[in-house]
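Worksheet for the structure shown next.
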Amino acid sequence: MNLSNKVSLVTGGNRGIGKFISLSLAEEGSSVAVHYNQDKEGAESVVKEIRERGGKAEVFQADVSQRESVEKMVKNCSQSLGQIDVLVNNARQLVKGREFMDLEWNKDYQPHIDVMLKGTFNCCQVVLPSMIERKNGRIINMLSTVIAESRPRTNSYGSIKSALFFFSKNLATEMGPNGITVNMVSPGLIATERQILHSSGYQEDYIKETPMGRLGIPSDITGTINFLASDNSSFVTGANIPVSGGKTIF
């Protein structure tokens, strides 16, 4: 995929899947704004790796749950790299799943709402005016196969990802006339340096239930992201692509 002359903003681009998305977009020629909230060292490490490979990237900090913080980040990004062409909403708040009767709204739901739902809302609203003016743009929202599974202890996480599913479909319909696509990627279990919060027994069962017989690897996700970010996907919008080896089929 040729992403030369494009600028991509990856929220939560400092670690986990976001790190590999940032690296891959840069490999395809995009300038990459690597966002972080607290882990500046991780973001700087990603940018360093991109630059060592000959790519262009900068680090940008923001609390995506705060509108003013997002506005500042996007302004700084536009001044440093140029107007944003591709927005990947990947930031998340890591909260370990618990059984429903053990859940507390402020500890289990609100962090997901603030980062994943409100954060996506803020980033989209701040980035979209420039995309609308140029009649071109790509928004990619990271969901999860959890929304189509009966997986225990995922009530809070799955509820917010389900809300993002409707959010994204609705936004795709509204933005289509402006030449802007809005798509979703739903990863299954992906092995990265970030801890998978499931027991080894759970992972073994997951692999047994997956037609392709393995966990996902970062390149499974990044290839899909690169396609949706490119001009090759110009007539694809409102789609949710599960990257799960067939474990989940929508």
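Every read-out reported here was derived from the displayed coordinates using simple, explicitly stated rules and does not represent laboratory data. As the structure is a computational prediction, the values presented were derived from the model and not from experiment. Ideal geometry is used to build each Cβ from the backbone, glycine not excepted, and the neighbour counts take in all protein chains shown.
List of remarks:
- Near Ser186, the amide H atoms lying under 5 Å from its own belong to Leu143, Ile241, Val243; only residues 5 or more places off or on other chains count, and H is placed 1.01 Å from N.
- Sorting the segments 65-75, 208-218 by their residues' average number of neighbouring beta-carbon atoms within 10 angstrom, most packed first, yields 65-75, 208-218.
- Gap separating the Cα centres of segment 83-124 and segment 8-24, nearest whole Å: 16 Å
- Nearest-20 debye value, the chain charge dipole, Cβ charges on Lys, Arg, Asp, Glu: 160 debye
- Under 16 Å from Lys208, Cα to Cα: lysines that are on another chain or at least 8 residues apart: Lys247
- Each residue of segment 145-162 was assigned a 3J(HN,Hα) from its phi angle through the Karplus expression (A = 6.51, B = -1.76, C = 1.60, θ = phi - 60°), giving 5, 3, 5, 10, 10, 9, 9, x, 6, 10, 4, 5, 4, x, 4, 6, 5, 5 Hz with x at Gly and Pro.
- Whole-number percent relative contact order across the chain, with pairs defined as alpha carbons under 8 Å at least 6 apart: 19 percent
- Cα long-axis angle, helix 67-80 against the chain (0 to 90 degrees, to the nearest 10): 50 degrees
- Cross-link partners of Lys72 among lysines, defined as those whose alpha carbon lies under 21 angstrom from its own and excluding same-chain residues fewer than eight positions apart: Lys6, Lys40, Lys56, Lys118.
- Cross-link partners for Lys96 among the lysines, with Cα-Cα distance under 18 Å and sequence neighbours closer than 8 places in the same chain left out: Lys107, Lys161.
- Residues Phe235 and Ser162, FRET efficiency given R0 of 25 Å [Cβ-Cβ distance, rounded to 0.05]: 0.45
- Radius 12 Å from Cβ of Val127, net charge of other residues (Lys, Arg +1; Asp, Glu -1): 0
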